Amino acid sequence: MTSQITLKRPDDWHLHLRDGNMLHAVLPSTATHFARAIIMPNLVPPVVTSADAAGYRDRILSALPEGSTFEPLMTLYLTEQTDPNDVAAAHASGLIKAVKLYPAGATTNSASGVSHFDSVRPTLERMAEIGLPLCVHGEVTDSDIDIFDREAVFIDRVLDPIRRTTPGLRVVMEHITTSNAVEYARSQDDTLGATITTHHLVINRNHILAGGIKPHYYCLPVAKREEHRLALRDAATSGEARFFLGTDSAPHTDANKLLPCGCAGCFTAPNTMSILTQAFEEDSALEKLEGFTSLNGPAFYGLPVNEDTITLTKGDPVTYPSHVETPDGPVTVFDPGFDLNWRVE
Ligand code: DOR
Ligand code: ZN
């Protein structure tokens, strides 16, 4: 029985760090285990220009714990006013590694996102030319589309048409939640990648809604039926290069999660590596974990694999603090609902 596993240090290809007090409170959780992360730009106001991204990167670097070598990989928030020249310059200087597409109204702080996809065509074409990936929040926002169907409908109505009309554009389907997304990703060439979160590998919609509503399991895209969770587990543990970890760790204070209209997001940064190792072991796929957390992402983004490693050891149950404290109140750490036996050394 395996009791220890050593992996190339993992990266997180989709992370929310926020700003100010929250940034300072949550950054150490990621910087302890991960070497790099793709940083989501949905601040208030969003990170839309290269100057915004440079300022945000400086704030992240100055919030890092002493001695940390964690590297934030910056993104720009795509709007209908985005200047393709600004995007290309930010890419050429090495400042940004991707551009993020939020359909307007799809999720937290997405109001400045895209409603008319034709208006961002010049930027997407430029990105295809220069090889800059587009990270996509893949949900339609139409009020007549059931929230559990929004990802599948987005693939047909938006994503596939964008890919057909912009050949060569590198796209990451982010935080996929359905077997439809797994199948679509598998049917495409290597210009398409897909991230999978920790929480979508371990919860289905019953965890949110059965036996009382559990706001800390509410995120977007919302967790789907069990058959979809199983399709995600199959994809993550398959070893296929197109699937890699993007935690979508999305901290909100408990006060903001527990409102009558509470915020979407699961804060998984502290215990993600323990949860994933447990899940891969349960599926007899420990030998595929390193690909998912540490190899496939850098390959998609054309970046080197990290040189150092992390080791997890199996033993007595490991506990993580239930909350991270911030000056604005506590942030609840995701509870996978089962004991964790894998400790990050
Ligand atoms: O659950 C989510 N939380 N999904 C998103 O797309 C955004 C994120 C956030 O920023 O809180
Ligand atoms: Zn996100």
Taking the condition of a type outside the set (Lys, Arg) and within 16 Å of ligand 1 (Cβ to nearest atom), does Val202 pass? yes
Looking at segment 158-180, I want the residues that are over 15 Å from Gly138 (Cα atoms) and have a partner that is of a type in the set (D, E, K, R) and away from ligand 2 (no atom under 16 Å from the Cβ) with Cβ atoms under 7 Å, at least 6 apart or on another chain. Which pairs are those? Thr166/Glu125; Leu169/Arg163
Which of the helices (runs of 4 or more DSSP H) found entirely inside segment 240-324 contain at least 1 residues meeting this: without any contact (Cβ under 8 Å) to a residue 40 or more places away in the chain and either within 16 Å of ligand 2 (Cβ to nearest atom) or within 19 Å of Phe70 (Cβ to Cβ) (or both)? 254-257
Is there any pair linking a residue in segment 182-194 that is at pLDDT 95 or above to one that is outside any strand (DSSP E or B) and β-branched (Val, Ile, Thr), with Cβ under 8 Å and at least six apart or on different chains, and which? Val182/Ile176; Tyr184/Ile155; Ala185/Ile176; Ala194/Ile176; Ala194/Val182
Evaluate the following for Lys214: is it away from ligand 2 (no atom under 16 Å from the Cβ), among the charged types (D, E, K, R) and touching a residue at least 60 places away in the same chain (Cβ under 8 Å)? no
Tally of residues being over 22 Å from Asp156 (Cβ atoms) and crowded, with 23+ Cβ neighbours inside 10 Å across segment 204-228: 1
Among Thr293, Thr253, which is the only one that is among the β-branched types (Val, Ile, Thr) and in contact with a Leu (Cβ under 9 Å, 6 or more places away or on another chain)? Thr293
So for segment 157-167 (the condition being within 16 Å of ligand 1 (Cβ to nearest atom), within 19 Å of the chain's Cα centre (by Cα) and assigned to a helix (DSSP H, G or I)), does at least one residue qualify? yes
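The values are calculated or read from the model by the stated rules, or taken from the named source; none is laboratory data. Note that the structure is a prediction, hence the values are computed from the model and not measured. Heads up, the Cβs are rebuilt from the backbone with ideal geometry, glycines too, and the neighbour counts pull from every protein chain shown.
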